[in-house]
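J.: I'd like to ask some things about the structure below.
The values are calculated or read from the model by the stated rules, or taken from the named source; none is laboratory data. Remember, predicted model here, so these are calculated numbers, not experimental data. Cβ atoms come from the backbone with ideal geometry, glycine included; neighbour counts cover every protein chain shown. Surface accessibility is based on the protein's heavy atoms, side chains included, excluding ligands, DNA and RNA. Shrake-Rupley method; radii C 1.70, N 1.55, O 1.52, S 1.80 Å.
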Amino acid sequence: MSAKRSSIHGQWSSRWAFILAATGSAVGLGNIWRFPYLTGENGGAAFVLVYLICVLMVGIPILMAEILVGRRGRQSPINTMYALAEEEGLSRYWSLLGWMGVAAGFIILSYYSVIAGWTVAYIFRTGSGLFIDADATYSKKIFVELISDPEKLLAWHTTFMLMTVIVVSRGVKSGLEQAVRFLMPALFILLLVMVGYAMSTEKFMDGINYLFVPNFEQLAEKNFFADILLPALGQAFFSLSIGMGAIMIYGSYLSQRSSITFNSFTIAIADTTVAMLAGIAIFPIVFTYGLEPGGGPGLIFMSLPIAFGQMPFGTFFGTLFFVLLMFAAWTSAISLLEPAVTWLVENKNMSRVKATALAGVIGWLLGLITVLSFNYWAFSFEFAGVVKENGMFDIFDILTSNVMLPIGGLLIAIFTAWLMARKSTIDELGLGDSLLYQSWRFAVRYIAPFGVIIIFLNAIGLFKLIGLVN
Ligand code: PHE
């Protein structure tokens, strides 16, 4: 029965369209902005290693589960969960999973748009040759000037949110495919250029060691579960766009014949490669120019412009880099809004344009909190052994990546591997009862849920730090 269901919002135009769109969703600020700065805050290679394990053991299996659910339900995540729960004879409260995803989507979008606004601002800063021969003090100063001015942040946040709303209101399927097809490879090549520059810097090997050779002594000082595992797990969810319905809604436009397994591995490999390249490009610069690896969310904005100021054709490459990063952020932001918009269209009988405008306004308003958390409302607190300085922005970020997305993923894993009939998932994955299928099922049945639960239980102590428990 469900094999015949089709989405009222349409289907992808080709086999590659889904992979491109989902990769567009996955690859974004998470890879190039968030991954390096978290790695820096968490001390380097141990974090990277744990992150890679999380992607493989928890991320990819849940990615597959989420696409599977989306394709079977073929509606907004809220209605998909409702329909599938009914079909499998389960409680309708499963639709709450969809609601939590929509909420997480709004919160992430609200700050994502502010940070994406920084990349737009940096297109102009780099393009005007501002960073030629810049040193670390100067690039820091430019960054601090930007974030301490709420009016500027507001203007760029508004610009980026409008861009997102315009694309989503037209339906994500038309332009997205073309954009990702050309821009992603371009971003990839440019990252290789950056890696090439990094290789020419004095401290290239320091950067590589920092990223890939774990320092176990330093690790012993940390609480492994709360300080390393939780942020690494959160980053895996954030970077793969899983746990909130973004990939589920893209899966709902996926043709019945397309292989979920192949698609998932392709997306995850592309996503992880981009993050690693970003790290390799950034840390040698950080060390060569004496920046602080744990410098927080400004890390790439303070480090990369120095490189652009030094390398041949740096103004050109730098401008292009921020343009491509803006596009990567754009294709991710679109997927953050899509679950809410499809629900409004399905349930509130709204036109797509109206639904998107409404959702955009909500995301924009919430974003004002982030705008102010870098200046007037800034306050600091400690989380997982790291001092976070940007109050509400950090709380939003921690709450979504480290709490809401993993809970979403946990529920998806329980739903697909414990509650859905085995036959339903076999039908949908199309792997038969093969070893590959059994490995997937083992991962979503045991590794993912128990992994998330254990990490949570161990990390509960962190709530003390933000004052939620004594
Ligand atoms: N994966 C995106 C990135 O890395 C962010 C994102 C998270 C998008 C969750 C959709 C859902 O930038």
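J.: Just to be sure before I move on: is Ile19 more than 29 Å from Val387 (Cα to Cα) and not in a helix (DSSP H, G or I) in the structure I sent?
T.: no
J.: To continue, here is another question. When only residues in segment 138-185 that are among the aromatic types (Phe, Trp, Tyr) and closer than 20 Å to Pro297 by Cα count, which is surrounded by the fewest Cβ atoms within 10 Å (Cβ to Cβ)?
T.: First pass over segment 138-185, keeping only residues among the aromatic types (Phe, Trp, Tyr): 138, 143, 156, 160, 182.
Now restrict to residues that are closer than 20 Å to Pro297 by Cα: 138, 143, 156, 160.
Values: Tyr138: 16, Phe143: 23, Trp156: 23, Phe160: 26.
Among those residues, the one meeting the criterion is Tyr138.
J.: Given the condition assigned to a helix (DSSP H, G or I), away from the ligand (no atom under 16 Å from the Cβ) and at pLDDT 95 or above, answer yes or no: does some residue in segment 96-108 qualify? First the steps, then the outcome.
T.: Filtering segment 96-108 down to residues assigned to a helix (DSSP H, G or I) leaves 96-108.
Checking which are away from the ligand (no atom under 16 Å from the Cβ) leaves us with 96.
Next, only the ones that are at pLDDT 95 or above stay: 96.
Yes, there is a match, as at least one residue in segment 96-108 is assigned to a helix (DSSP H, G or I), away from the ligand (no atom under 16 Å from the Cβ) and at pLDDT 95 or above.
J.: Something else now. Give me the pairs: first residue in segment 17-44 and within 12 Å of the ligand (Cβ to nearest atom), second residue open to solvent by 10 Å² or more (accessible area, probe 1.4 Å) and among the aromatic types (Phe, Trp, Tyr), beta-carbon distance under 6 Å, and six or more apart or on different chains, which are they?
T.: Note: pairs meeting the criteria are Gly30/Phe238.
J.: Quick check: is even one residue across segment 66-89 within 30 Å of Val386 (Cβ to Cβ), within 22 Å of the chain's Cα centre (by Cα) and either in a loop (DSSP other than H, G, I, E, B) or not hydroxyl-bearing (Ser, Thr, Tyr) (or both)?
T.: Yes, because at least one residue in segment 66-89 is within 30 Å of Val386 (Cβ to Cβ), within 22 Å of the chain's Cα centre (by Cα) and either in a loop (DSSP other than H, G, I, E, B) or not hydroxyl-bearing (Ser, Thr, Tyr) (or both).
J.: Let me ask another. Across segment 418-450, what is the total count of residues that are open to solvent by less than 50 Å² (accessible area, probe 1.4 Å), outside any helix (DSSP H, G or I) and under 17 Å from Phe262 (Cβ atoms)?
T.: Here the count works out to 3.
J.: Name the pairs whose Cβ atoms lie under 6 Å apart, with the first residue in segment 276-298 and touching a residue at least 40 places away in the same chain (Cβ under 8 Å), the second open to solvent by 40 Å² or more (accessible area, probe 1.4 Å) and part of a helix (DSSP H, G or I), and 6 or more positions between them or separate chains?
T.: Phe283/Tyr210; Phe287/Asp206
J.: While we're here: Mind checking which residues of segment 373-386 are of a type outside the set (Gly, Ala, Ser) and either at pLDDT below 95 or touching a strand residue (DSSP E or B) at 6+ places or on another chain (Cβ under 7 Å) (or both)?
T.: Those that are of a type outside the set (Gly, Ala, Ser) and either at pLDDT below 95 or touching a strand residue (DSSP E or B) at 6+ places or on another chain (Cβ under 7 Å) (or both): Phe381, Glu382, Phe383, Val386.
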